[in-house]
Amino acid sequence: MRGRYAVCGLTLAGIALVAMSAHAFEVAVEAENGVVTEPMVVAAPADAAAMGGPEPGAPSGGAFVWAPGEPLLGDPTDHMGGTALTVDIPSAGTYAVWGLVTAWDGNSDSFWVKIDGADPDEQPQETQNTHFRWGVEQGNDWHWDRINQWLDGGTFEREWELSGGSSTLNIFTRETACMLDYVLVTDNLSENPDDINFVPPADVEAQGKLTTTWAELRR
């Protein structure tokens, strides 16, 4: 689908806001700092290796989110959970979203994605609406991939018309073993990752978040 921009060994966590000369807004948000609900859980690279796949490099903040499990054709998991990320948008406009992801194969390379208020009020896992289906670029280590509409009349890069103020980005699991480290929201609509300033999240802690870890599920 697109070229990839590989990133390894990131150590920062949280949210950062950076002004650019050509584009007014870029914000990076750690996926695990959202409100995480099952089957999505917070995990570490060793958890991925325990599922039999290649172990990715160190994620930003030391953690990522996924639905744990081996990639399966006909995955029986009830993919109703995910991570809900709140982003403050400075002004009304058109925005794109990128994710730092790892996807081993064709059975572990997709999420559902919607933004409250900018998308219809529905649960994609229930409706199976391909408009919300993000087909993730495959690769065994962290790389950037722009959120798209996979096979929704073609595979198109998504754009959102957002109002100024708080917006909630919902990324739901769709297949086990698809990994997400953090996301970047930007008003730079280029489809070329070389044109994007992939700022890291700032070194802050998540506050008031209820998250589920894989270790807790295994107890």
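Overview of values
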{"item": "Those strands (runs of 3 or more DSSP E) lying entirely in region 1-56 with at least 3 residues modelled with pLDDT of 90 or more and within 21 Å of P193 (Cα to Cα)", "result": "26-30"}
{"item": "Breaking point among (1) over 18 Å from T86 (Cα atoms); (2) among the hydrophobic types (A, V, I, L, M, F, W, C); (3) modelled with pLDDT of 95 or more, for I171", "result": "(1)"}
{"item": "Candidates N148, N129, N170 - the one that is over 15 Å from A67 (Cβ atoms), of a type in the set (S, T, N, Q) and buried (at least 18 other Cβ atoms within 10 Å of the Cβ)", "result": "N148"}
{"item": "Verdict on D121 being at pLDDT below 95 and in a loop (DSSP other than H, G, I, E, B)", "result": "yes"}
{"item": "Selected residue (criterion: surrounded by the most Cβ atoms within 10 Å (Cβ to Cβ)) from residues of region 173-197 that are charged (D, E, K, R) and over 16 Å from the mean Cα position of the chain (by Cα)", "result": "D187"}
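The values are calculated or read from the model by the stated rules, or taken from the named source; none is laboratory data. Everything numeric in this text was worked out from a predicted model, so none of it was measured. Neighbour counts are summed over all protein chains in view; Cβ atoms, including those assigned to glycine, are modelled from backbone coordinates with ideal geometry.
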